[in-house]
1. I need the per residue convex hull volume for the chain, using only the alpha carbons, in cubic angstrom as a whole number.
2. Would you mind getting me the FRET efficiency between Asp64 and Cys4? Use the beta-carbon distance for r and R0 = 30 Å, nearest 0.05.
3. May I ask you to list the aspartates and glutamates whose Cα is less than 17 Å away from that of Lys25, ignoring any residue fewer than eight positions away on the same chain?
4. Summing -39500 (n - 2.57) over the DSSP H runs of n ≥ 4 in the chain and dividing by its residue number, what mean residue ellipticity at 222 nm do you reach, to the nearest 500 deg cm²/dmol?
5. Sort 60-66, 5-11 for me by packing, meaning the mean count of neighbouring Cβ atoms within 10 Å per residue, highest on top.
6. Work out the FRET efficiency for Asp19 and Lys39 from their Cβ-Cβ distance, taking R0 = 35 Å, and round it to the nearest 0.05.
7. In this model, which of Lys37/Lys68; Lys16/Lys68; Lys39/Lys65; Lys16/Lys39; Lys41/Lys68 are farther than 27 Å apart at the alpha-carbon?
Amino acid sequence: MHNCVQLALREYVGNKKIDDILSNKEEMSDYVFSVMKEKMKSISIDFSMGAVRDIIEQVLKAQDKWMKDF
């Protein structure tokens with residue numbers, strides 16, 4: 001499931017600037033949640049928005065740290 005969230009995030013952020021991503025976290029969460037809910041439904045797993053937000057937060061923190069170190 002973690003890999004699926006990462007792929008959905010990459011799909012979303014692939015065409016966006018970091019400032020746009022950070023200022024539209026709710027939109028990103030909604031997008032990833034809808035993608036994951038559809039994918040998880042196909043294998044009969046109930047998916048919660050809280051799980052998506054937790055993973056997104058971790059990914060954004062890591063990306064922000066990488067940008068500061070770069």
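Values quoted throughout were computed directly from the atomic coordinates according to the rules given, and no laboratory measurement underlies them. Everything quoted here is computed from the prediction, not taken from an experiment. Here the Cβ positions follow ideal geometry from the backbone for every residue, glycine too, while neighbour counts run over all protein chains shown.
1. With only Cα atoms used, the chain gives 78 Å³ per residue.
2. After rounding, the FRET efficiency stands at 0.85.
3. Glu11, Asp54, Glu57, Asp64
4. Result for the chain, helices only: -26000 deg cm²/dmol.
5. Per-residue mean Cβ counts within 10 Å order the peptides as 5-11, 60-66.
6. Efficiency for this residue pair is about 0.80.
7. Lys37/Lys68; Lys39/Lys65; Lys41/Lys68
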